[in-house]
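**Q** Below is a structure I'd like to ask you about.
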Amino acid sequence: KGKSYIVDSMPIEVCKLSREKRARICKETLSTSPDKGYCASQQMYFYEYKLHGVCSVNGVFHSIDLTKASVHDVEILKDLNTQLSDCVLLGDKGYIGKEIQLDLFESSSIRLHTPMRSNQKNFKHYPGIFRKTRKRLETLFSQLCDQFMIRRNYAKTFRGFRTRILAKITALTIAQFSNCFILHRPINNIKHAIF
């Protein structure tokens, strides 16, 4: 039986929407400049990037990606068939799509499970175990925001921005490693990881 992973994304705001036109942050090239995106959970528009993450059920990042805010979550799944195989992938409603589910299964035996929309044909409730497991990545994103202040980023260039994001994710992963293999305590007990 294959492993299970969770996929989700979170917005990383560059500046307030009202400053979008005059802000010069990360605008060196059109291909890497941020843009406007909508966050469904907060029901707001932001001028931002999106951090996409895939993690294991115990909360260790397997892969990450940084995209413009307007890139739909489903687009990230197209690259996963080269990174994962023979596993279960849990996502939210942003990842619904029969074509991508079929493609992932046929190319890499990845079984993508998402909650169904209430108006979908043959509606079934999302199993509670999937809902509970999916919260692991949401908690990981919260830890990045609260303990590692990933949204507090004073970079002026895209290179500086992505370097700071990667450094904070690396610091989180090192804290998890220390907990598991050095301090012998729960892997995600990172608030006091050094002591």
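The values are calculated or read from the model by the stated rules, or taken from the named source; none is laboratory data. Everything quoted here is computed from the prediction, not taken from an experiment. Here Cβ is always computed from backbone atoms with ideal geometry, including for glycine, and neighbour counts include all displayed protein chains. For the accessible areas, the whole protein counts, side chains as well, though only heavy atoms, and no ligand, DNA or RNA atoms are used. Shrake-Rupley method; radii C 1.70, N 1.55, O 1.52, S 1.80 Å.
**Q** Which FRET efficiency value, to the nearest 0.05, do you get for Asp35 and Arg152 by plugging their Cβ-Cβ distance into 1/(1 + (r/R0)^6) with R0 = 30 Å? Don't jump to the answer; show the numbers that get you there.
**A** Working: r = 21 Å, r/R0 = 0.69.
Once rounded, the FRET efficiency stands at 0.90.
**Q** Students often forget the sequence filter, so: which aspartates and glutamates lie under 18 Å Cα-Cα from Lys124 once same-chain residues fewer than 8 apart are removed?
**A** Correct list for Lys124: Asp92.
**Q** Roughly what would the spin-label model give for Lys93 and Lys78, points 7 Å off Cα along C-beta, in nm?
**A** Distance between the two pseudo-spin positions: 2.5 nm.
**Q** Moving on. So who's got an amide H within less than 5 Å of the one on Ser63, skipping anything under 5 residues away but keeping other chains? H placed 1.01 Å off N, in plane.
**A** Correct list: Val54.
**Q** Starting from the 7 Å offset along Cα-to-Cβ, what nm value, one decimal, do you get for the label separation of Ser85 and Leu66?
**A** Label-label distance for Ser85 and Leu66, simple model: 3.0 nm.
**Q** So how many Å³ per residue does the convex hull of the Cα atoms of region 135-195 work out to? Please report the intermediate quantities before stating the final value.
**A** On the way: hull volume 4.9 nm³, N = 61.
Hull volume normalised by residue count: 80 Å³.
**Q** Same structure, new question: Between Gln43 and Ser18, what length comes free when the chain is fully extended (0.36 nm per residue of separation minus the Cα-Cα distance, one decimal in nm)?
**A** Details: separation 25, 0.36 × 25 = 9.00 nm, distance 1.66 nm.
Extra length available between Gln43 and Ser18 comes to 7.3 nm.
**Q** Still on this structure: Any idea of the accessible area per residue across region 46-163, 1.4 Å probe, to the nearest Å²? List each step's numbers first, then the result.
**A** Numbers: 6570 Å² over 118 residues.
That works out to 56 Å² for each residue.
**Q** In nm, what is the difference between 0.36 nm times the number of residues separating Cys145 and Arg159 and their Cα-Cα distance? Don't skip to the answer; put the middle values down first.
**A** Working: separation 14, 0.36 × 14 = 5.04 nm, distance 2.02 nm.
That pair, Cys145 and Arg159, stretches by 3.0 nm at full extension.
**Q** Please report Rg over Rh for region 67-182, where both radii come from the alpha carbon positions and Rh follows the Kirkwood definition.
**A** Values: Rg = 17.1 Å, Rh = 16.7 Å.
Here the Rg-to-Rh quotient is 1.02.
**Q** May I pose another question? Dipole magnitude of the chain about its Cα centre, charges +1 at Lys/Arg Cβ and -1 at Asp/Glu Cβ only, in debye to the nearest 20? The partial results should precede the final answer.
**A** Details: 32 positive and 17 negative charges, 126 e Å.
The dipole magnitude comes to about 600 debye.
**Q** How large are Rg and Dmax for the chain when calculated on the C-alpha trace, in angstrom?
**A** Using the Cα atoms of the chain, the pair Rg, Dmax is 17.7, 52 Å.
**Q** Per DSSP H run of n ≥ 4, the term is -39500 (n - 2.57); total these for the chain, divide by its residue number, and report the mean residue ellipticity at 222 nm rounded to 500 deg cm²/dmol.
**A** Result for the chain: -9500 deg cm²/dmol, rounded to the nearest 500.
**Q** What are the ³J(HN,Hα) values, in whole Hz, obtained from phi via the Karplus relation 6.51 cos²θ - 1.76 cosθ + 1.60 with θ = phi - 60°, for each residue of region 156-161 in sequence order, with x given for Gly and Pro?
**A** 9, 10, 5, 4, x, 4
**Q** Amide H neighbours of Cys87 under 5 Å, at least 5 residues apart or on other chains, H built in the peptide plane: list them.
**A** Under 5 Å from the amide H of Cys87 lie the amide H atoms of Ile110, Arg111, each far enough along the sequence or on another chain.
**Q** Another one. Applying the Karplus parametrisation 6.51 cos²θ - 1.76 cosθ + 1.60 with θ = phi - 60° to the phi angles of region 114-123, what ³J(HN,Hα) value in whole Hz is obtained for each residue in order, glycine and proline being reported as x?
**A** 10, x, 7, 6, 4, 8, 6, 5, 6, 4
**Q** Taking θ = phi - 60°, what integer Hz values does the Karplus form 6.51 cos²θ - 1.76 cosθ + 1.60 yield along region 37-49, in sequence order, with x for Gly and Pro?
**A** x, 10, 9, 5, 5, 9, 6, 9, 8, 9, 9, 6, 10
**Q** Follow-up. List the relative contact order of the chain as a percent without decimals, with contacts defined as Cα pairs under 8 Å and 6+ residues apart.
**A** Working: 303 pairs, mean separation 41.4, N = 195.
Contact order relative to length: 21 percent.
**Q** Using the Kirkwood radius built from alpha carbon pairs, what does the Stokes-Einstein equation give as D for region 35-110 at 37 °C and 0.692 mPa s, in µm² per second? Spell out each step's value before the answer.
**A** Working: Rh = 13.5 Å.
Stokes-Einstein gives a translational diffusion coefficient of 244 µm²/s.
**Q** Once you've got the GNM for the chain with C-alpha springs shorter than 10 Å, pick whichever of Phe123, Phe105, Phe158 has the biggest mean-square fluctuation.
**A** Result for the chain, Cα springs under 10 Å: Phe123 fluctuates most.
**Q** What nm value, rounded to one decimal, do you get for the distance between Ile174 and Tyr126 when each label is placed 7 Å out toward the C-beta?
**A** 3.4 nm
**Q** What lysines does Lys156 reach when the alpha-carbon gap must be under 25 Å and sequence neighbours fewer than 8 apart in one chain are set aside?
**A** Lys16, Lys21, Lys27, Lys36, Lys50, Lys68, Lys168
**Q** As an exercise, identify the trypsin sites (Lys or Arg not before Pro) in region 1-47 lying in DSSP coil whose Cβ has no more than 15 other Cβ atoms within 10 Å. Could the numbers behind the result be given before it?
**A** Details: sites: Lys1, Lys3, Lys16, Arg19, Lys21, Arg22, Arg24, Lys27, Lys36; in loops: Lys1, Lys3, Lys16, Lys21, Arg22, Arg24, Lys27.
Those that pass, being in a loop and sparsely packed, are Lys1, Lys3, Lys16, Lys21, Arg22, Arg24, Lys27.
**Q** Counting only protein heavy atoms and a 1.4 Å probe, tell me what percentage of region 110-179's accessible area is made up of carbon and sulfur. Walk me through the numbers on the way to the answer.
**A** Working: 2490 of 4460 Å².
Of the solvent-accessible surface of region 110-179, carbon and sulfur hold 56 percent.
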